[in-house]
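Chemist: Take a look at the following structure, please.
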Amino acid sequence: RRIERDLHDGAQQRLVALAMDLGAARERLDTDPEIGKRLVVKAHEESKEALREIRDLVRGIHPVILEDRGLDAALSAVVARCSFPVELSVDSSVESGDRLPATVESAAYYVVSEALTNVERHAEASRATVTIARRGNRLIVEVGDDGRGGADRTRGTGLAGLTERAAAMGGTLDLLSPPGGPTTLLVELPCAS
């Protein structure tokens, strides 16, 4: 189930975005070739990222950068791929001292990846924030955006998958997303203190 969630929240989301970009490009090639070309270029980059994520997943079931350089570096790479500004804040308590268990780091990574994919696809946001902090024996993952709100974990599979991922680890997911926004996703995961 963990591998299934990792595939869904990572590479599968990239492939869905790729398919959407290619569909939009196909529609635009005849009417607006310049936009169509830009969408094809974006889809090409998305396909390379999806391949990288699949290779990383196969190598270690989670991205290599996460294992090699830690959560902050891995999330910095996720944020750098976003098409909108994202402010990332990883509390020093997360990176200092003993590393978090690999399962906790992996869960946090995929929560942020899926949440930012949702922001990009659905929120119509101009910016987002990601905050990671360790509070005692809990890892707090907060993703917020200034988009249109109205997110609902009962519609679609993305938020439902994140809820299941958190629950499988003994954690929780809270969502505040009134119509008109903003949206805040808060995930708490147990970890060694």
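The values are calculated or read from the model by the stated rules, or taken from the named source; none is laboratory data. Every value quoted in this text rests on a predicted model; they were computed, and no experiment measured them. A quick note on method: Cβ atoms are made from the backbone with ideal geometry, for glycine too, and the neighbour counts reach across all protein chains shown. Just so you know, the surface numbers come from the protein's heavy atoms only, side chains and all, with ligands and any DNA or RNA stripped out. Shrake-Rupley method; radii C 1.70, N 1.55, O 1.52, S 1.80 Å.
Chemist: Filter the trypsin sites (Lys or Arg not before Pro) in the stretch 135-192 down to the DSSP loop ones having no more than 11 other Cβ atoms within 10 Å, then list what survives.
Modeler: 155
Chemist: Once you order the gyration tensor axes a ≥ b ≥ c over the Cα atoms, which shape class does the stretch 109-175 get: rounded for a/c under 1.5, otherwise prolate or oblate by comparing a/b with b/c?
Modeler: Cα axes put the stretch 109-175 in the oblate bin.
Chemist: Related question: Cα gyration tensor of the chain, axes a ≥ b ≥ c as square roots of the eigenvalues: rounded (a/c below 1.5), prolate (a/b > b/c) or oblate?
Modeler: Note, shape of the chain comes out prolate.
Chemist: Calculate the FRET efficiency for residue 129 and residue 98 from the Cβ-Cβ distance with a Förster distance of 25 Å, rounded to the nearest 0.05.
Modeler: Efficiency computed from Cβ-Cβ geometry: 0.40.
Chemist: About the Cα centre of the stretch 129-188, how large is the charge dipole given +1 on each Lys and Arg Cβ and -1 on each Asp and Glu Cβ? Please answer in debye to the nearest 20.
Modeler: Using Cβ point charges on Lys, Arg, Asp and Glu, the stretch 129-188 gives about 140 debye.
Chemist: Let's see if you can work this out: charge +1 on each Lys and Arg Cβ, -1 on each Asp and Glu Cβ, no other charges. What is the dipole magnitude of the chain about its Cα centre, in debye to the nearest 20?
Modeler: That gives the chain a dipole magnitude of about 300 debye.
Chemist: Please calculate how many Å² of accessible area the chain carries per residue, with a 1.4 Å probe and no DNA, RNA or ligand atoms counted.
Modeler: That works out to 51 Å² for each residue.
Chemist: Sticking with this structure for a sec: Ignoring ligands, DNA and RNA, what percent of the 1.4 Å accessible area of the stretch 37-193 is carbon and sulfur?
Modeler: It is 52 percent, rounded to a whole number.
Chemist: Averaging sequence separations of C-alpha pairs under 8 Å and six or more residues apart, then dividing by the length of the chain, give the relative contact order as a whole percent.
Modeler: Over the chain, the number comes to 18 percent.
Chemist: Also: Given Cα pairs under 8 Å that are at least 6 residues apart, what percent is the relative contact order of the stretch 92-193?
Modeler: Once normalised by length, the contact order is 29 percent.
Chemist: Can you give me the angle between helix 102-118 and the longest principal axis of the chain, using Cα atoms only, in degrees from 0 to 90, rounded to the nearest 10?
Modeler: 30
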